[in-house]
Amino acid sequence: MHEGSIPIVNAMSDPAAAVPVLEVSGLRTRFGPLRAVDGVSFAVAPGETLCIVGESGSGKSTVALSIMGLIPPAAGRVEAGSIHLAGHGELRGLADAAMAAIRGRAMGMIFQEPMTSLNPVFKVGTQIAEVVRRHQGMSRAAAHDRAVELLRLVGVPSPQMRALDYPHQLSGGMRQRVMIAMAIACDPMLILADEPTTALDVTIQAQILALIEELKQRLGSGIVFITHDLRVVAQIAQTVCVMYAGVVVESATTRALLRTPLHPYTSGLMASIPAAQPRGTRRRLPVIAGTVPNLAKLPGGCRFRSRCPKAFDLCAEVEPPLAPPAKGDPDRLVRCWLHADGVAA
Amino acid sequence: MTPLLDVADLAVHFPVFRGPLRRKAGTVRAVDGVSLQVFRGETLALVGESGCGKSTLARAVLRLQEPSAGQLRFEGQDLLRLDRRAMKAARRRMRMVFQDPHASLNPRLRAGEIVGEAFDIHGCTRRERDAGVAELLTLVGLGPEHAARFPHEFSGGQRQRIGIARALALHPSLVVCDEPVSALDVSVQAQIVNLLMELQERLGLSYLFISHDLHLVEFIADRVAVMYLGRIVETAPIQSLYAAPLHPYTQALLAASPSIDPDRRHQHVVPDGEVPSPLSPPSGCAFHPRCPFAIANCRAEMPPLLTLAPGHDVRCWRAGEWAAAPQRAAIPVGS
Ligand SMILES: Nc1ncnc2c1ncn2[C@@H]1O[C@H](COP(=O)(O)OP(=O)(O)OP(=O)(O)O)[C@@H](O)[C@H]1O
Ligand SMILES: Nc1ncnc2c1ncn2[C@@H]1O[C@H](COP(=O)(O)OP(=O)(O)OP(=O)(O)O)[C@@H](O)[C@H]1O
Ligand code: SF4
Ligand code: SF4
Ligand SMILES: [Mg+2]
Ligand SMILES: [Mg+2]
């Protein structure tokens, strides 16, 4: 996009070696009886993009909301685990006011549905300016100018004019850019993006992915990027966590995961991606049959068992641990008995 | 062969008001002279940038949004001459599936009532309705026992199945699908895509299929219409479009379409420049500010939609050069 214009502050060649921006371990969040996130751990280095992929309802957004301290207290709570943000220490248990100060300033969030996160009765420029004013104490006029500049930065055409629009006057892609402008308004060290490109078409998606990548390079931020599109993962992620029914079932570097998926759920996902096929014939996509189990009454054993084409006796009895595969790369993790030491052939 | 749906020079313009006095600031030409045909039993995909007017076009085809100009023929009828009552009857045969299965189903109605709505509107008996609902729910892979449930008791994929069942009530011939799987999981997308293809084969349906997933379009559609800023810029059968796209915007779309191969990350394929505002579209060819091949004439005059190969129409002054030299395949887009 605008090569040369970006001072690259983060020139680290090996993000994994750096001190993580964010470290989540043993995170458990429940909504009443429903264990939405049931023991999730991962770390994100500065300049690293970690993608979380997985079925709808697997707990991806809950992970993001737990990190941001945005689980509505009336609905649920973070029960266990630790959330460590570099420079700010443990976030779990911080008072609301302290959390609100960190949110928006140190962490930016781009939500799944811009329409539900933008206020319909305020102009988009005003909403962006408000974030700037709240966290950086700028004057109203300076904040408005900054809002216009941010809109330009995220590629909104005629930003002066668009700043005066209400959210419903913008198309989906434009609203998502407004969300991104708000998320990056204070140069956050961590960006949590929850399906930011899901509703967009490819050139805009490519631009927004490039934009996020550019902002990441410029700010040296770590990014947690939630998506259900493995092609997007292939484009942007260094590492991937695959979630299913509240737990991580596989994690690896992007290349390893896409080249040789180990978990049957990951393989199923890869297979169901549409690709060109000969015409005329009864074309069908391979599917993962069935649906996600009810998280409030999970059966024992492997959570994927009811949909797994490879399930065997042990799978019904004991839940497999997330562990390095018996054979192969010790740096990756998989939660499946097929890959456990000394269990299957 | 006469097309099932024949759209000619269709336009939808929105007045835009701004400022404290709500003065008219201009007109958004959301759809600006679109012509396309959908033939029986085929899937025509409509692709294009966010805000280029796909949903507006889809809504205008069903007259859920009144067109500003143009002609609409469906099953031989001139839709724009129909009064409300006759239009309601025509809508039995042309239905819509929406992108967001959360927003498009009334949360206070049970699945049976949602699917059965069309039967009520068109004055069917209770018995016909219940039988129809049971049949439709079964057709989309749910069961009659789901009729008593409310939308929130279903998963996203199941809700989209209900949206499809609703659209199939009373045997439509055309179903307009506005991004029907974009909001769904990959595994559920595959289930719904298979369902749509199976229903098409069994019921002889035609689809106008709006999508931003070019890989999915390649899988599901017979022909593609590419839209840019309210106009069609290229129409072609799937094979020609993917093998030899002739419009620079189509080439950019294909180049920007992400690959599943992590070693093929796109570096310089993002079309440069800003998406033009539909409030003040560029002169001449609307793509010229982003087009790496623009020549002087492109700024001055809008190119016409020309047929360059059988079934392959392109709106570009220079497409003829590329149609004549098909080996010139990989065109670098951007800087
Ligand atoms: N506020 C809430 N109250 C009760 N249950 C909730 C709430 N928010 C989420 N859940 C439940 O927690 C589980 C995980 O939801 P979550 O939104 O994290 O999933 P997700 O992976 O983000 O799904 P999607 O891909 O659909 O966005 C789901 O079963 C969901 O119904
Ligand atoms: N009621 C309206 N009043 C004014 N402008 C509108 C209205 N509805 C749509 N528009 C404008 O018309 C243009 C086309 O919008 P439309 O929703 O049809 O685009 P789209 O191609 O479906 O985009 P997306 O891919 O984001 O869904 C946009 O510029 C939009 O802002
Ligand atoms: S543990 Fe068993 S059921 Fe679970 S994914 Fe592995 S093979 Fe399938
Ligand atoms: S008419 Fe000119 S500007 Fe438009 S697409 Fe063709 S070459 Fe590019
Ligand atoms: Mg979510
Ligand atoms: Mg739309």
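Look through the stretch B:201-237, keep the residues that are part of a strand (DSSP E or B) and out of contact with any helix residue (DSSP H, G or I) (no Cβ under 9 Å at 6 or more places or on another chain), and return whichever of them is surrounded by the most Cβ atoms within 10 Å (Cβ to Cβ). Break it down stepwise before answering.
We begin by selecting, within the stretch B:201-237, every residue part of a strand (DSSP E or B); these are B:206-210, B:223-228, B:231-237.
Then keep just the ones that are out of contact with any helix residue (DSSP H, G or I) (no Cβ under 9 Å at 6 or more places or on another chain); that gives B:225, B:231-232, B:237.
Working: B:Ala225: 27, B:Arg231: 23, B:Ile232: 24, B:Pro237: 17.
Among them, the one singled out is B:Ala225.
Scan the stretch A:27-49 for residues that are away from ligand 1 (no atom under 15 Å from the Cβ) and outside any loop (DSSP other than H, G, I, E, B) and jot them down.
A:Ser41, A:Ala43, A:Val44, A:Thr49
Would you be able to tell me the number of residues in the stretch A:50-81 that are in a strand (DSSP E or B) and over 22 Å from A:Leu209 (Cβ atoms)? Lay out the reasoning, then the answer.
Filtering the stretch A:50-81 down to residues in a strand (DSSP E or B) leaves A:50-54, A:77-81.
Restricting the remaining residues to those that are over 22 Å from A:Leu209 (Cβ atoms) gives A:77-81.
Residues flagged as in a strand (DSSP E or B) and over 22 Å from A:Leu209 (Cβ atoms) within the stretch A:50-81 amount to 5.
Only residues that are at pLDDT below 90 and closer than 17 Å to B:Leu168 by Cβ: list them for the stretch B:98-115, please. Even if it seems obvious, please write down each step before you answer.
Keep residues of the stretch B:98-115 that are at pLDDT below 90, which gives B:98-107.
If the condition is that a residue be at pLDDT below 90 and closer than 17 Å to B:Leu168 by Cβ, then B:Phe98, B:Pro101, B:Ser104, B:Leu105 are the ones that fit.
Please indicate, with yes or no, whether at least one residue in the stretch A:240-257 is more than 16 Å from ligand 5 (Cβ to nearest atom) and among the acidic types (Asp, Glu).
Looking for residues that are more than 16 Å from ligand 5 (Cβ to nearest atom) and among the acidic types (Asp, Glu), one finds at least one in the stretch A:240-257, hence yes.
I'd like to verify a number: residues in the stretch B:66-83 that are crowded, with 17+ Cβ neighbours inside 10 Å and not in a loop (DSSP other than H, G, I, E, B), how many?
Adding up the residues that qualify gives 5.
Whether any residue in the stretch B:201-211 is at positive phi, touching a residue at least 24 places away in the same chain (Cβ under 8 Å) and more than 13 Å from chain A (Cβ to nearest Cβ) is what I want to check. Show your work before the answer.
Restricting attention to the stretch B:201-211, the residues satisfying the condition of being at positive phi are B:204.
This time we only want the ones that are touching a residue at least 24 places away in the same chain (Cβ under 8 Å), so: B:204.
Filter once more, so that each one left must be more than 13 Å from chain A (Cβ to nearest Cβ): B:204.
Yes; the residues of the stretch B:201-211 include at least one that is at positive phi, touching a residue at least 24 places away in the same chain (Cβ under 8 Å) and more than 13 Å from chain A (Cβ to nearest Cβ).
Tell me yes or no: at least one residue of the stretch B:227-235 is over 22 Å from B:Leu10 (Cα atoms) and in contact (Cβ under 8 Å) with a residue 40 or more places away in the chain.
no
If I filter the stretch B:115-131 for residues that are within 14 Å of chain A (Cβ to nearest Cβ) and in a helix (DSSP H, G or I), do I get at least one hit?
no
For the stretch B:43-54: of the residues being at pLDDT 95 or above and either aliphatic (A, V, I, L, M) or in a loop (DSSP other than H, G, I, E, B) (or both), which is surrounded by the fewest Cβ atoms within 10 Å (Cβ to Cβ)?
This residue is B:Leu44.
Those residues that are surrounded by fewer than 20 Cβ atoms within 10 Å (Cβ to Cβ) and of a type in the set (Asp, Glu), I need them from the stretch B:272-316; list them, please.
Within the stretch B:272-316, B:Asp272, B:Glu274, B:Glu301 meet the criteria.
Assess whether A:Pro157 counts as being surrounded by fewer than 21 Cβ atoms within 10 Å (Cβ to Cβ) and more than 16 Å from ligand 5 (Cβ to nearest atom). Can you show your working first?
Details: surrounded by fewer than 21 Cβ atoms within 10 Å (Cβ to Cβ): yes; more than 16 Å from ligand 5 (Cβ to nearest atom): yes.
Yes; evaluated as a whole, the condition is true for this residue.
Assuming B:Thr307 fulfils every condition listed in (1) modelled with pLDDT of 90 or more; (2) under 20 Å from the mean Cα position of the chain (by Cα); (3) among the β-branched types (Val, Ile, Thr) apart from one, which condition is it?
(2)
Out of all the residues in the stretch B:11-27, which are within 16 Å of ligand 6 (Cβ to nearest atom) and surrounded by fewer than 22 Cβ atoms within 10 Å (Cβ to Cβ)? Reasoning before the result, please.
Just the residues of the stretch B:11-27 that are within 16 Å of ligand 6 (Cβ to nearest atom), to begin with: B:12, B:14.
Matches in the stretch B:11-27: B:Phe14 only.
For residues in the stretch A:36-49 being over 21 Å from A:Pro321 (Cβ atoms) and within 14 Å of the chain's Cα centre (by Cα), which is nearest to the other protein chains (Cβ to nearest Cβ)?
Our first condition is that a residue be over 21 Å from A:Pro321 (Cβ atoms); within the stretch A:36-49, this holds for A:44-49.
Going one step further and asking which of them are within 14 Å of the chain's Cα centre (by Cα), we end up with A:44, A:48-49.
Working: A:Val44: 18, A:Glu48: 15, A:Thr49: 12 Å.
Per the criteria, the residue is A:Thr49.
Can you tell me which residues in the stretch A:85-129 are among the acidic types (Asp, Glu), modelled with pLDDT of 90 or more and part of a helix (DSSP H, G or I)? It would help to see each step written out before you state the result.
If we filter the stretch A:85-129 for residues that are among the acidic types (Asp, Glu), which is where we start, we get A:90, A:96, A:113.
Narrowing the set further to residues that are modelled with pLDDT of 90 or more leaves A:90.
None; the set is empty.
What are the residues in the stretch A:88-125 that are of a type in the set (Val, Ile, Thr), more than 22 Å from A:Val78 (Cβ to Cβ) and buried (at least 17 other Cβ atoms within 10 Å of the Cβ), if any?
Matches in the stretch A:88-125: A:Val124 only.
Name every residue in the stretch A:290-345 that is within 9 Å of ligand 3 (Cβ to nearest atom), basic (Lys, Arg) and within 28 Å of the chain's Cα centre (by Cα), in order of residue number.
A:Arg303, A:Arg305, A:Arg307, A:Arg335 - these are the residues of the stretch A:290-345 that are within 9 Å of ligand 3 (Cβ to nearest atom), basic (Lys, Arg) and within 28 Å of the chain's Cα centre (by Cα).
Tally the residues that are away from ligand 6 (no atom under 16 Å from the Cβ), part of a loop (DSSP other than H, G, I, E, B), without any contact (Cβ under 8 Å) to a residue 40 or more places away in the chain and within 14 Å of chain B (Cβ to nearest Cβ), restricting the search to the stretch A:144-199.
Final tally of qualifying residues: 3.
The values are calculated or read from the model by the stated rules, or taken from the named source; none is laboratory data. Predicted model only: the values in this text are computed from it and were never measured. Positions of Cβ are generated from backbone atoms using ideal geometry, with glycine treated the same way; all protein chains shown enter the neighbour counts.
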